[in-house]
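Scroll down for the structure; my scribbles are underneath it.
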Amino acid sequence: MALDNQKRVFVIVIDAFGVGGLPDAAEYGDRTDFNTLGGIDRQADHLNLPTLEKLGIGHLGKFKNVQALSSPVGSYGKMSEMSRGKDTTTGHWEMMGIYLETPFPTYPEGFPKDVMDRFMAETGVKGYLGNKPASGTDILKELGEAHLKTGHPIIYTSADSVFQIAAHVGPESKCTLEDLYRWCETARRILRDEHQVSRVIARPFLGANADTFKRIGESRRDYAVTPIEKTTLNRIQEQGGVVLGIGKIEDIFNFSGLTHSWHTGNNPDGLNAIAQIVRRELDWDSVCLEKNADGTPKALSDYVNADKQFIFVNLVDTDSIYGHRRDVNGYARALEQVDTALVGILAQLGENDLLMISADHGCDPTAPGSDHTREFVPILLYGKNLPPRNLGVRDSFADIGRTVLEWLALDKDGQRGKSLLPQEAPALV
């Protein structure tokens, strides 16, 4: 479908891609010298990011392998998080205009007895395993075989505000995938008020023993909290624009403000989705969330401002597979994969397209432990007709959402943040 004067914004979140510790890092158990990109640059066997260099990433620190080009084609800067927290939900919500003064609760000692007693009573399970912070793969090795014998769900959390339930769902299991989803729905209902975690996550797995257990990514399901205020997504939707979430965006915002969603399971799928959309090859009906009275997908032409499109992407592998597991070389390879895909994406962007690349928090794979790290995040901005600029250090992630509305020429009433575009924000030196 061709649209006259179509304007599109692509925001790509490279999950956990920090560029240096924030001044308040110590309040979160971190150090100001934690630096996700810096640590990878120091310790990876190989790191080659020519496309991100062209966009200006090398100007965000002193690196060994990442070059600061004298004439980048993109604008570059870094952003400080105003909200309290260093988790996925907090970071993404702030990008879209929500500031959290109180962080979502976390449970480094496991969930309290009253919560777990209520979980058992309302689900009918006779027991549970775990109830502690753990790596999703390690806890399967530790408790998966006991789960197969007892059928008791494996409960665990992480540095994020999450209540995760793992269960084996193969033919030999004592529970089904539907049981797992039902347990998660019950947990989501229980975890309110002071225990309102940002997400309850169903983690189904298969395998015969500790050596062969493997999570089923496509059957994972997240039960998120709905944003507490109106976001950039809602503003675009209310004004008849199109909002497509790719990856786990639908989970982070509990579908609020999305007109379309494409739940890709990994970085290659997410990058392929972006490339397909940039080339204007997407079948919009296939990812539409909104239905007509007869149940058919709402046509793109039915949106009042169908020519104003926001494509919001999360690339999760850098966080879930490499950051938390402190896999420096794996993280470096994932960055190189993104960098390679950007070559084709940049080449095929239209005259009225805007691309922004950022992150939601850090997860320095060279830091001790397996937690997220409280860091600045990069902001790289590119448009074919935009002059490259030094964007400096921004006060808030919310500058992204403000810029989305500015580019799409939509009403910004009530939107937090400052635009990154030249007419709104003069270049900084």
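The values are calculated or read from the model by the stated rules, or taken from the named source; none is laboratory data. Nothing here was measured: the structure is a model prediction, and the numbers come from that model. Note that we place each Cβ from the backbone using ideal geometry, even for glycine, and neighbour counts take in every protein chain shown. To get the accessible areas, we keep the full protein, side chains included, count just its heavy atoms, and leave off ligands, DNA and RNA. Shrake-Rupley method; radii C 1.70, N 1.55, O 1.52, S 1.80 Å.
Numbers at a glance
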| item | result |
| --- | --- |
| Residue match in the range 274-285 (condition: among the small types (Gly, Ala, Ser), in contact (Cβ under 8 Å) with a residue 12 or more places away in the chain and in a loop (DSSP other than H, G, I, E, B)) | no |
| Single residue of GLY21, GLY61 found to be in contact with a Phe, Trp or Tyr (Cβ under 9 Å, 6 or more places away or on another chain) and open to solvent by 10 Å² or more (accessible area, probe 1.4 Å) | GLY21 |
| Test set (1) open to solvent by 20 Å² or more (accessible area, probe 1.4 Å); (2) touching a His at 6+ places or on another chain (Cβ under 7 Å) - GLU375 fails condition number | (1) |
| Elements of type strands (runs of 3 or more DSSP E) in the range 346-423, at least 1 residues being farther than 27 Å from ARG280 by Cβ | 377-382, 390-394 |
| Near pairs, Cβ below 6 angstrom, 6+ apart or cross-chain, from the range 62-85 (part of a loop (DSSP other than H, G, I, E, B)) to any residue that is among the basic types (Lys, Arg) | PRO72/LYS54; VAL73/LYS54 |
| Residue, farthest from the chain's Cα centre (by Cα), within the range 321-332, restricted to residues that are surrounded by fewer than 19 Cβ atoms within 10 Å (Cβ to Cβ) and in a helix (DSSP H, G or I) | ASN329 |
| Residue list for the range 163-206, restricted to those being without any contact (Cβ under 8 Å) to a residue 60 or more places away in the chain and of a type in the set (Gly, Ala, Ser) | ALA166, ALA167, GLY170, SER173, ALA202 |
| Residue among LEU342, LEU335, LEU315, LEU354 that is open to solvent by less than 10 Å² (accessible area, probe 1.4 Å) and touching a Lys or Arg at 6+ places or on another chain (Cβ under 8 Å) | LEU354 |
| Among the candidates LYS78, LYS64, LYS86, residue that is more than 21 Å from the chain's Cα centre (by Cα) and either under 30 Å from ASP413 (Cβ atoms) or of a type in the set (Lys, Arg) (or both) | LYS64 |
| Selection from the range 150-175 of residues that are open to solvent by 50 Å² or more (accessible area, probe 1.4 Å) and at pLDDT below 95 | PRO171, GLU172, LYS174 |
